[in-house]
């Protein structure tokens, strides 16, 4: 789709929950969009949310699409409730932007992608970790060859949670880890996983060994048996032949150091730089890039295929843990 210069994208939001508020905030405040409607399951809560952001409230997706005729629909529902609403939007022929994870089932993911492709729909996914300032700095360093050949990468991300699914942490949270590692180092070619269910919340903590197609190796540790209050609850390190980079807590700090040097470059948000220090604002940055792509008729910067890819890696990890062997993963979609 390509709109006239200065024309805003009319966006409808499906979801009136916690993270849905960030969607409402971003799309109601952006100079590129107009939030026209919010669809929710609870009439009172939906009406209150819609009034707060100057939108109209609905409890029916079909009714909203028929009346509002939005240019784009944003879907932000509880993690295991994505499929039906997403398919309804696709079948209505409306371009869409959805929250991670795409879904919990590979078959469902493939049906969504096939249906959207058949209608040639814009189909974006919110892997917002890519748009944190430290992640963008890391990508720039790697693309410039500052690390030489990457040799290993480690990702750790742990907090509280109980997603109501035996592999909730792996699918709904560590999808960020799979996506971030492949975004920086390229395709993961195989995985070998160990997981524990000792806290009675399913397989809520995991350690996964990774091999990249480039020959580099890596590790991913994820948990719902930790705490988001801990410093360094999220940490990413990439080590290469010529240097190393480290990201602390997604938005808190970025460090790069050349091999053999006792001096390091450090980025952390300055006193007045609230935008780059706040995790929620990573979504603002992604939404801005996504809306510009939509307005100019380009593919989304993060296509929903990335969600399918992360789910494929998660399923390979489950197979590895269940069968006690390394599992090969076909090349990225």
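Just so it is clear, none of the values below were taken in a lab; they were calculated from the coordinates. Because the structure is predicted, anything quoted here is derived from the model rather than measured. With ideal geometry, Cβ positions are generated from the backbone for all residues, glycine too; neighbour counts draw on all protein chains shown.
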Of 16, 287, 144, which is the most mobile in a GNM of the chain whose springs link Cα atoms less than 10 angstrom apart? 144
Helix-only mean residue ellipticity at 222 nm, the chain, DSSP H runs n ≥ 4 weighted -39,500 (n - 2.57), per residue, nearest 500. What is it? -10000 deg cm²/dmol
At a 10 angstrom cut-off on C-beta neighbours, averaged per residue, how do the peptides 174-184, 129-139, 232-242 rank from highest to lowest? 174-184, 129-139, 232-242
Can you compute the modelled spin-label distance between residue 45 and residue 106, with each label point 7 Å from Cα toward Cβ, in nm? 3.4 nm
With both bridge residues required to lie in region 9-121, what share of the DSSP beta bridges run antiparallel, to the nearest 5%? 0 percent
When DSSP beta bridges are limited to those with both residues in the chain, what percentage is antiparallel, rounded to the nearest 5? 60 percent
Assuming a ≥ b ≥ c are the square roots of the Cα gyration tensor eigenvalues, decide whether region 231-333 counts as rounded (a/c under 1.5), prolate (otherwise, with a/b larger than b/c) or oblate. oblate
Everything considered on the Cα gyration tensor (a ≥ b ≥ c; rounded for a/c under 1.5, else prolate if a/b is larger than b/c, else oblate), region 9-121 must be described as prolate
State whether region 214-285 is rounded, prolate or oblate according to the following rule on the C-alpha gyration tensor (a ≥ b ≥ c being the square roots of its eigenvalues): a/c under 1.5 gives rounded; otherwise a/b larger than b/c gives prolate, and the remaining case gives oblate. oblate
